[in-house]
Amino acid sequence: MSIRPSVQRFIEYLRIKTVQPTPDYSTCTKFLQRQAQELGLNFQAKEYVAGKPVVILSWPGTSPELPSIILNSHTDVVPVFEEFWDYPPFEATRVATDAQGTDFKIYARGSQDMKIVGHGYLEAIRRLKVEERRQLQRTVHAVFVPDEEIGGHDGMQQFVESPEFAALNAGLALDEGMANPDKPLRVFYGERAPCWVKFIARGNTGHGSQFIEGTAAEKLVPIIDHLMQFRQTQFQIYKTPHDDGSQRTLGEVTTANLTLLKSGVQQNVVPESATAGFDIRMTPAVDYAGFRRDLEALAEKHGAETEFVQFWDDNSTTATDDSNPFWPAFEQAVTAQGFDIFKEIFPAATDSRYLRRAGVPALGVTPLCNAPILLHDHNEFVKESEFLAAIDFYAAIISAVANAR
């Protein structure tokens, strides 16, 4: 059975080894430039950091003065442990799901996260612009950014501060979501903010056989206890259903995990310093600045210092009602395809946070329902039927929001 051209192009994209820490952005950019030429799209590639291009493929609308639509995706993927994969992670191997070959699994790193989205955009544009010869009112920009998997600092963060971004006059952005093992379509309208903090205590040292007062550990332990108690409180909230019986999501609570402990040079020497590191993800309902002040006060109370390895200070979310002029069109296009929408706060971080802080409403959605969550996992795959359905999905969504008044 022959492979559909759209699937073949998807496989080609998956085979480009844009894996951290040395992603092949050059080959990826050439692939995207070829897609732009085939589709008659305007093409530009801008490096705000050398070797890390932001690529923009633009489809001008009939009313280019209207705020535009950004279709955002990242091109990089996370590392792999090939010994745990059943198939080579950058071969995009097609494996039949049954003896008749009615469907196929395509195994590849980045298939879910998030090349099905990025290439789904392109195939949807191909259908609308080339095959159906449609014209949309608003200009549509398919944006492919680097380095999202390592924080986006050299990619989207740089891009949103650039004159090229300002020139897009963006009104709405679509970005990545997450698969759902259940039926509803997850639509992310915000995300939790990272707070990676180290508490560093210094104290008296001496022989391990003595009662030495004012040690680094004595100062650090109550800080750890406080945050572990906070963690347990949030965990209890998470496990408590809503009044209607529905389960809470991670996005509704703040998680805190002790991820780093460092101290000591020898078993019989009381250490001069001790460090505890926490990975905290703050729900947007939290006053981020106030939360940071509380952590600093906690450290000061016990004679320790704080070092914020990463701290996000903006808790903007995207409206999912009529106050957002794009939401009614988005919602109608989604439900018309038979999806039930489940609105959610993304539990981790995506490049949407940079867009929202720049004032651009962003919705994260990956049209994978009744599908396992495989991002960053071994044997990551999407079904061929899921990819083809994603083209249908994005064609409808792009048409709806780009023609929204």
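Among residues that are in contact with a Ser or Thr (Cβ under 6 Å, 6 or more places away or on another chain) and either farther than 30 Å from P60 by Cα or surrounded by 15 or more Cβ atoms within 10 Å (Cβ to Cβ) (or both), T240 is not included. Would you confirm, using the coordinates I've provided, whether T306 is of a type in the set (S, T, Y) and closer than 30 Å to Q137 by Cα? In short, no. Taking the criterion of being among the basic types (K, R) and in contact (Cβ under 8 Å) with a residue 60 or more places away in the chain, the only residue of the stretch 213-271 that qualifies is K219.
Inclusion of Y121 among residues that are open to solvent by less than 20 Å² (accessible area, probe 1.4 Å) and touching a residue at least 12 places away in the same chain (Cβ under 8 Å) is warranted. Within the stretch 42-76, the set of residues being assigned to a loop (DSSP other than H, G, I, E, B), touching a residue at least 24 places away in the same chain (Cβ under 8 Å) and within 26 Å of the chain's Cα centre (by Cα) comprises G51, P67, T75, D76.
Listed by first and then second residue, the pairs with beta-carbon distance under 9 Å, at least 6 apart or on different chains, first residue in the stretch 383-395 and over 20 Å from K183 (Cβ atoms) and of a type in the set (D, E), second open to solvent by less than 40 Å² (accessible area, probe 1.4 Å) and assigned to a helix (DSSP H, G or I), are E384/V7; E384/F10. Could you say whether any residue in the stretch 198-207 is in contact with a helix residue (DSSP H, G or I) (Cβ under 7 Å, 6 or more places away or on another chain) and open to solvent by 10 Å² or more (accessible area, probe 1.4 Å)? Checked against the condition, which is being in contact with a helix residue (DSSP H, G or I) (Cβ under 7 Å, 6 or more places away or on another chain) and open to solvent by 10 Å² or more (accessible area, probe 1.4 Å), the stretch 198-207 yields at least one hit. Select from the stretch 347-363 the residues that are closer than 22 Å to E252 by Cβ and open to solvent by 10 Å² or more (accessible area, probe 1.4 Å) and write down the one among them that is nearest to the chain's Cα centre (by Cα). Among residues in the stretch 347-363 that are closer than 22 Å to E252 by Cβ and open to solvent by 10 Å² or more (accessible area, probe 1.4 Å), the one nearest to the chain's Cα centre (by Cα) is A349.
Is there a residue being within 27 Å of A256 (Cβ to Cβ) and in a strand (DSSP E or B) anywhere in the stretch 168-177? Scanning the stretch 168-177, I find at least one residue that is within 27 Å of A256 (Cβ to Cβ) and in a strand (DSSP E or B), so the answer is yes. The condition (being free of Cβ contacts under 8 Å to residues at least 40 places away in the same chain and either buried (at least 23 other Cβ atoms within 10 Å of the Cβ) or of a type in the set (K, R) (or both)) is satisfied by just one residue among R133, R127: R133.
Among the residues of the stretch 78-95, those identified as open to solvent by 50 Å² or more (accessible area, probe 1.4 Å) and either farther than 16 Å from V382 by Cα or not in a loop (DSSP other than H, G, I, E, B) (or both) are P79, F81, E82, E83, F84, R94. Each residue in the stretch 46-66 was checked for being within 22 Å of L172 (Cα to Cα) and surrounded by fewer than 16 Cβ atoms within 10 Å (Cβ to Cβ), and 6 pass. Of all residues in the stretch 299-338, those satisfying the criterion of being more than 30 Å from H226 (Cα to Cα) and without any contact (Cβ under 8 Å) to a residue 24 or more places away in the chain are D321, D322, S323, W327, E331, T335, G338.
Quick check on A142: is it outside any loop (DSSP other than H, G, I, E, B) and either over 19 Å from the mean Cα position of the chain (by Cα) or over 20 Å from S63 (Cβ atoms) (or both)? Judged against the criteria, A142 is not a match. The set of residues from the stretch 178-197 being open to solvent by 40 Å² or more (accessible area, probe 1.4 Å) and in a loop (DSSP other than H, G, I, E, B) comprises P181, D182, K183.
Can you pull out the residues in the stretch 110-134 that are in contact with a helix residue (DSSP H, G or I) (Cβ under 8 Å, 6 or more places away or on another chain) and part of a loop (DSSP other than H, G, I, E, B)? G110, R134, listed by residue number. Among the residues of the stretch 1-41, those identified as farther than 23 Å from F81 by Cα and of a type in the set (A, V, I, L, M, F, W, C) are M1, I3, V7, F31, L32, A36, L39, L41.
Residues of the stretch 15-25 include at least one that is assigned to a helix (DSSP H, G or I) and open to solvent by 70 Å² or more (accessible area, probe 1.4 Å). Set side by side, the residues R34, R9 differ, and just one is at pLDDT 95 or above, exposed (fewer than 15 other Cβ atoms within 10 Å of the Cβ) and basic (K, R), which is R34.
The values are calculated or read from the model by the stated rules, or taken from the named source; none is laboratory data. Remember, it's a predicted structure, so these values are computed and weren't measured experimentally. Here the Cβ is made from the backbone with ideal geometry for all residues, glycine too, and neighbour counts use every protein chain on show. SASA here: full protein model, heavy atoms, side chains in, ligands and nucleic acids out. Shrake-Rupley method; radii C 1.70, N 1.55, O 1.52, S 1.80 Å.
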